[in-house]
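Since every read-out is calculated from the coordinates, none of them should be taken as a lab result. Since this is a predicted model, take the numbers as computed values, not measurements. We place every Cβ from the backbone using ideal geometry, glycine too, and count neighbours over all the protein chains shown.
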Ligand SMILES: Nc1ncnc2c1ncn2[C@@H]1O[C@H](COP(=O)(O)OP(=O)(O)OP(=O)(O)O)[C@@H](O)[C@H]1O
Ligand SMILES: [Mg+2]
């Protein structure tokens, strides 16, 4: 479904992606891991057409994405940092997004899952960080999509919301959706991921199942396994 070849991106003199090769097919949950600044968000934004790569190609379902826009309607995207208009109320934002997409969407069941009912009339600028993240999650999941790209989806979430999110991801996965998720929360990877992609120095340094990751590192949990890879590459 997603095929990335030889992707390069520099910001000024800073080479961030230096020949990323990646092929992801079918459904399932793919965790994109890597240290801060390793290019996870840049890679995701390249797939979304929000960053323009210097070299290389990205194909979605066999079609190059360069210059295309319509494919984005088939994706649910959760940005790492969401910018909301601060004077808008939560309910107004959901309305506005449904109007822009010209689709009703299914916000209400998600509002209930994340316990956002008391906040519907509150201005976005007055919300706590975790509550903003719940709003961000409702926006991402209110339209059914075959592909969800989630950049640090758990940031600021309390345990109840964390459970609600994991349940939601599992449900959409079992209906056939494909997920790309970046996170620094290794227990989340252990619970959810089918496949791990570890970015380092602009390339995919490791890709494989959790079993392959454990085999590769001699560890039996994600956190020490990823720490072992980071350690190996530190020399
Ligand atoms: N718009 C930009 N302009 C200049 N440099 C940028 C821009 N976006 C990202 N970078 C740089 O590219 C590098 C990779 O950033 P990116 O946000 O992709 O990392 P990340 O792996 O998502 O990190 P984190 O784990 O902190 O979210 C960093 O050095 C960052 O400073
Ligand atoms: Mg990032």
**Study point:** Helix-only CD estimate at 222 nm, as mean residue ellipticity for the chain, using -39500 (n - 2.57) per DSSP H run (n ≥ 4)
**Key:** -10500 deg cm²/dmol
Point to revise | the chain: Cα Rg divided by the 2.2 N^0.38 Å rule of thumb | key: 1.03
Review point. For the pair residue 6 and residue 175, what calculated FRET efficiency results from E = 1/(1 + (r/R0)^6), where r is the Cβ-Cβ distance and R0 = 41 Å, to the nearest 0.05?
Key: 0.80
Revision key, fill the gap. The rounded separation in angstrom of the Cα centers of the range 70-96 and the range 130-193 is 15 Å
Practice item. Kindly work out what percent of the DSSP beta bridges joining two residues of the chain are antiparallel, to the nearest 5. Key: 55 percent
Review point. Quick one: length gained pulling residue 36 to residue 167 fully straight, 0.36 nm per residue minus the C-alpha distance?
Key: 44.5 nm
Study note, to complete from the structure: The residues 178, 210, sorted from fewest to most surrounding Cβ atoms within 10 Å, come out as 210, 178
Exercise for review: Quick one: go through the range 182-201 and flag any residue whose amide nitrogen is under 18 Å from the point 7 Å out along the Cα-to-Cβ line of residue 214.
Suggested key: 186-197
Check your understanding: Taking Cα pairs under 8 Å and at least six residues apart, what relative contact order does the chain come out at, in percent?
Key -> 27 percent
Check your understanding: Want the number for residue 190 to residue 144: 0.36 nm per residue separation, take away the alpha-carbon distance, what's left?
Key -> 14.0 nm
Exercise for review: Given the peptides 190-201, 55-66, arrange them by the average over their residues of other C-beta atoms within 10 Å, most packed first.
Suggested key: 190-201, 55-66
Practice item. Determine the shape class of the range 172-235: with a ≥ b ≥ c the square roots of the Cα gyration tensor eigenvalues, call it rounded for a/c under 1.5, and otherwise prolate if a/b is greater than b/c, oblate otherwise. Key: prolate
**Study point:** Segment residue 223-residue 201, extension gain: residue separation times 0.36 nm, minus the distance between their alpha carbons
**Key:** 5.9 nm
